[in-house]
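The values are calculated or read from the model by the stated rules, or taken from the named source; none is laboratory data. Everything quoted here is computed from the prediction, not taken from an experiment. Neighbour counts run over all protein chains shown; Cβ positions are idealised from the backbone, glycine included. To get the accessible areas, we keep the full protein, side chains included, count just its heavy atoms, and leave off ligands, DNA and RNA. Shrake-Rupley method; radii C 1.70, N 1.55, O 1.52, S 1.80 Å.
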Amino acid sequence: MLLQRPFAAIAPTVDGDVLAVLARSDASFTAGQVHNLMGTYSYSGVAKALARLVAQGTVRSQRIGSTTVYALNREHLAAGAILELAGIRGRFLERLRAAFDQWEPVPVFAALFGSAARGDMAVGSDIDIFIVRPAALEEASDAENAAWSSNVGHLQESVLGWTGNDSRVYEVGERELGRDLVADDPVLASIRREGIPLSGPREFWSVTTHGRTG
Amino acid sequence: MADSYVTLLVHAGIAASDVLCCAALGEHSRGQNHAEAIALLAKVSPDRSHDLGTLLNLKTKAGYSHQPMSKGDRAKAERSAERLMAALDALPTT
């Protein structure tokens with residue numbers, strides 16, 4: 001699926017993307033504002049979709065002066081399902097965080113990165129996940145390391161089940177990360193810049209690049 | 001040189017996985033979908049599918065990282081590839 005276009009999972013049409021925009025808030029929008037927020041499709045395509053959705057009752061329109069504004073009809077029988085679908089990206093992040101919380105040991109840090117984090121996935125995009133493995137595992141038993149690998153594998157199976165997307169796990173050991181590596185490695189730099197934290201402290205990058213204190 | 005070694009181990013493990021799948025299922029994974037390849041091998045051997053997962057994630061890491069593979073990663077690649085190739089020993093030779 002395309003996490004930034006959840007309605008495409010069931011109906012890859014402009015109407016679905018319009019609903020996704022309107023579901024974000026209780027505010028009313030002009031057709032032009034909806035078009036700008038979508039960033040895709042033509043203005044006339046968006047306007048026609050709004051007209052169809054108004055005809056279905058899922059969207060309400062209101063004339064204000066010479067302008068027409070649109071809002072999701074939150075009383076519609078379909079509104080609950082629309083809001084549920086629109087919130088898929090947030091629920092995906094919650095599931096990832098909940099999954100990491102169950103690990104023993106938990107990752108030092110984990111983050112969603114790449115197109116899934118940026119919101120510019122294409123059909124066939126992988127879901128990129130960065131994981132920092134605790135240093136303690138380097139001296140741990142084979143069984144403990146196998147359990148860690150098993151957790152990673154199960155997470156990837158879960159991601160496939162939840163989204164239909166393959167995942168790519170970029171795993172580094174805690175001791176592999178150093179100030180210079182983070183500064184010089186373009187992929188780590190992009191993870192630091194764009195990554196969405198899933199496990200571990202949000203100040204992880206600050207601690208890693210400026211050294212640990214205490 | 002060390003990364004070339006890990007890359008060869010990854011490819012050996014993937015090839016072993018393909019043989020195991022062909023022998024048991026009559027098919028092997030095609031394309032670049034890691035999850036599908038792991039799921040297919042899991043039908044033959046869940047334990048070996050974890051080894052394939054380890055190798056594929058090391059392949060991912062080699063693709064992302066500009067740093068040489070660590071000693072730990074080399075050891076992981078060796079163990080996973082060895083277990084996959086050892087599984088071939090159980091296959092009939094005819």
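Using per-residue counts of other Cβ atoms within 10 Å, averaged over each peptide, order A:184-191, B:14-21, A:114-121 from highest down.
Ranking the peptides A:184-191, B:14-21, A:114-121 by packing returns B:14-21, A:114-121, A:184-191.
Taking each residue of A:122-130 in turn, how many C-beta atoms of other protein chains fall within 10 Å of its C-beta, and what is the average?
Per residue, the number of nearby Cβ atoms from other chains is 1 on average.
In what sequence, highest mean first, do A:102-112, A:139-149, A:84-94 appear when ranked by Cβ atoms within 10 angstrom?
Descending packing order for the listed peptides: A:102-112, A:84-94, A:139-149.
Is the range A:1-46 rounded, prolate or oblate when judged by the Cα gyration tensor, a ≥ b ≥ c being the square roots of its eigenvalues, rounded requiring a/c under 1.5 and prolate requiring a/b larger than b/c?
oblate
Between the alpha-carbon centers of the range B:42-65 and the range A:59-109, tell me the distance in whole angstrom.
Using only Cα atoms to place each centre, the spacing works out to 33 Å.
Hey, what did the range B:1-63 get for relative contact order, percent, Cα under 8 Å, at least 6 apart?
Result for the range B:1-63 is 33 percent.
Give me a comma-separated list of calculated 3J(HN,Hα) values for the range B:64-77, in order, Karplus coefficients 6.51, -1.76, 1.60 applied at θ = phi - 60°, integers in Hz, x for any Gly or Pro.
7, 8, 9, 9, x, 5, 7, 4, x, 5, 4, 5, 5, 4
Treating cross-link reach as a plain straight distance, find the lysines whose alpha-carbon is under 19 Å from the alpha-carbon of B:Lys71, omitting any fewer than eight places away in the same chain.
Within the straight-line cut-off, B:Lys71 pairs with B:Lys59, B:Lys61.
How shielded is A:164-175 by partner chains, expressed as the average number of their Cβ atoms within 10 Å of its Cβ atoms?
The shielding value for this peptide is 5.
With every protein chain left in place and a probe of 1.4 Å, what is the accessible surface of A:Tyr70, to the nearest 10 Å²?
Solvent-accessible area, nearest 10 Å²: 40 Å².
Report the residues of the range B:45-85 in range of a label on A:Glu139: point 7 Å along Cα→C-beta, backbone N strictly under 19 Å from it.
B:71-73
Take the Cβ-Cβ distance between B:Ala39 and A:Asn36 as r, set R0 to 41 Å, and report the resulting FRET efficiency rounded to the nearest 0.05.
0.50
Averaged over its residues, how many other protein chain Cβ atoms are within 10 Å of peptide B:55-63's Cβ atoms?
Partner-chain Cβ atoms within 10 Å, mean over residues of B:55-63: 4.
Based on the mean of other beta carbon atoms within 10 Å per residue, what is the order of A:45-53, A:200-208, most packed first?
A:45-53, A:200-208
Please report the equivalent ellipsoid semi-axes of the range A:63-214, computed as sqrt(5 x eigenvalue) of the Cα gyration tensor, largest first, in whole Å.
36, 20, 14
What's the total accessible area buried between chains B and A, using a 1.4 Å probe, rounded to the nearest 100 Å²?
Between B and A, the summed buried area is about 1700 Å².
Based on alpha-carbon centroids, what's the gap between the range A:27-41 and the range B:1-39 in Å, whole number please?
Each part reduced to its Cα centre gives a spacing of 46 Å.
Straight distance only, please: which aspartates and glutamates reach the Cα of B:Lys43 with their own Cα at less than 17 Å, same-chain residues fewer than 8 apart left out?
A:Glu157, B:Asp18, B:Glu27, B:Asp51
Find the relative contact order for chain A and round it to a whole percent, using C-alpha pairs within less than 8 Å whose residues are 6+ positions apart.
Answer for chain A is 20 percent.
Can you compute the helix-only [θ] at 222 nm over chain A? Use -39500 (n - 2.57) per DSSP H run of at least 4 residues, normalise by all residues, nearest 500 deg cm²/dmol.
It comes out at -14000 deg cm²/dmol, rounded to the nearest 500.
Which part of the range A:51-87 falls in the paramagnetic zone of A:Ala9, meaning amide N under 20 Å from the point 7 Å along Cα-to-beta-carbon?
The answer is A:78-87, whose backbone nitrogens lie closer than 20 Å to the label point.
Under Stokes-Einstein, with the Kirkwood radius over Cα pairs standing in for Rh, what whole-number D in µm²/s applies to the range B:2-87 at 25 °C and 0.890 mPa s?
Estimated via Stokes-Einstein, D reaches 193 µm²/s.
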